[in-house]
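Notes for the one structure printed next.
None of the figures in this text is laboratory data; all of them are computed from the coordinates on show. Worth saying up front: this structure is predicted, and the values here are computed from it rather than measured. Here the Cβ positions follow ideal geometry from the backbone for every residue, glycine too, while neighbour counts run over all protein chains shown.
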Amino acid sequence: MRSRLLVSPEIADDDLKEMALTDEKVKKFIADKDIRKVIVVKKKLVNIVV
């Protein structure tokens, strides 16, 4: 786990994905890498594959 976000359970997947990708802690790890896939599991996690 690189970061935690506290959001509403009704948030849309696209909004959650955008929030995860713009998080400062996450940006350090994906800064110069190509993002292959972003997996969103409702109410649980966002997994960013680089």
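Estimated from helical segments only, the mean residue ellipticity of the chain at 222 nm is -9500 deg cm²/dmol, where each DSSP H run of four or more residues counts as -39500 (n - 2.57). For percent of Cα pairs over 14 Å apart, computed directly from the structure shown, the correct entry in (1) 56; (2) 47; (3) 60 is (2).
Mean separation of Cα pairs under 8 Å and 6 or more residues apart, divided by the residue count, gives the chain a relative contact order of 34 percent. Projecting the Cα atoms of MET19, ILE35, SER8 onto the dipole axis of the chain, where Lys and Arg carry +1 and Asp and Glu carry -1 at the beta carbon, places ILE35 farthest toward the positive end. Here the chain is assigned +1 on the Cβ of each Lys and Arg and -1 on the Cβ of each Asp and Glu. Its dipole about the Cα centre then comes out at about 340 debye. Taking 7 Å steps out from each Cα toward its Cβ at ASP34 and ALA12 produces label points 2.9 nm apart.
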